[in-house]
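Here the structure is laid out as structure tokens; the discussion comes afterwards.
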Amino acid sequence: MSDLSIQLHWHRTTPELKPGAYSAEHMVQYNSSFDVMADAAPDWGGDPANTNPEQALAAALSSCHMMTFLALAAKAGWPVASYHDHAVAHLGKNPRGQMSVTRIDLHPVVRFDTGFQVGDEEMDQMQDRAHRYCFIANTLADSVDVNIL
């Protein structure tokens, strides 16, 4: 199977590395050409202008879910015209008492070509199938509750 990678670059900007006195801001590089500034979540001192790992995890799940949904919709002959999602990663303590992403809520909105529609039950079934086949959802299956709202 595939090995997929990123490059991560961080350097200290303070004279010493001391607790609470350094920046976690870093660069994540995708495919040697796309750079994203990342940092800790704002509640942990990160710059809110940068993305953070928790957002990146929500983005990975949302993206994977969408691509899986589109593949299934194409096989079913559903003429999807647009797909929008608002994904939210929730932080809390896991069963071991450690801070973690405990839940990710997806809020997909699917629009079809004019004249085509599916019922709520059909849409729910397709969203459930997309969740079951999504690689990222399967990776998180034992540790993160994924809600498709």
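With the condition kept exactly as written, say whether any residue in the range 132-144 is on the phi > 0 side of the Ramachandran plot, modelled with pLDDT under 95 and assigned by TED's automatic domain parsing to the domain that holds A71.
Within the range 132-144, none of the residues are on the phi > 0 side of the Ramachandran plot, modelled with pLDDT under 95 and assigned by TED's automatic domain parsing to the domain that holds A71.
Quick one: which residue in V146, V118 is among the β-branched types (V, I, T), touching a residue at least 12 places away in the same chain (Cβ under 8 Å) and part of a strand (DSSP E or B)?
Just a single option satisfies the conditions, and that option is V146.
Kindly indicate whether S82 is touching a residue at least 24 places away in the same chain (Cβ under 8 Å) and either over 26 Å from A41 (Cα atoms) or among the charged types (D, E, K, R) (or both).
It is true that S82 is touching a residue at least 24 places away in the same chain (Cβ under 8 Å) and either over 26 Å from A41 (Cα atoms) or among the charged types (D, E, K, R) (or both).
Can you say whether V28 is among the β-branched types (V, I, T), touching a helix residue (DSSP H, G or I) at 6+ places or on another chain (Cβ under 9 Å) and not assigned by TED's automatic domain parsing to the domain that holds L106, as far as the supplied structure shows?
Against the criterion (among the β-branched types (V, I, T), touching a helix residue (DSSP H, G or I) at 6+ places or on another chain (Cβ under 9 Å) and not assigned by TED's automatic domain parsing to the domain that holds L106), V28 qualifies.
Under 6 Å by Cβ, and 6 or more places apart or on different chains, what pairs join a residue from the range 10-39 that is within 18 Å of T51 (Cα to Cα) with one that is outside any strand (DSSP E or B) and among the hydroxyl-bearing types (S, T, Y)?
Note: pairs meeting the criteria are Y22/T14; S23/T13.
For S33, work out the one condition from (1) modelled with pLDDT under 90; (2) closer than 22 Å to A137 by Cβ it doesn't fulfil.
Here S33 meets the rest and fails (2).
Residues that are under 13 Å from the mean Cα position of the chain (by Cα), at least 2 per element: which strands (runs of 3 or more DSSP E) completely within the range 14-107 meet that?
Filter on the range 14-107 gives 88-93, 99-106.
Taking T68, is it touching a Phe, Trp or Tyr at 6+ places or on another chain (Cβ under 9 Å), in contact (Cβ under 8 Å) with a residue 40 or more places away in the chain and not charged (D, E, K, R)?
When the stated conditions are applied, T68 passes them.
In the range 89-103, which residues are within 17 Å of I136 (Cα to Cα) and either basic (K, R) or at pLDDT 95 or above (or both)?
Matches in the range 89-103: R103 only.
The values are calculated or read from the model by the stated rules, or taken from the named source; none is laboratory data. None of these values were measured; they are calculated from a predicted model. Neighbour counts run over all protein chains shown; Cβ positions are idealised from the backbone, glycine included.
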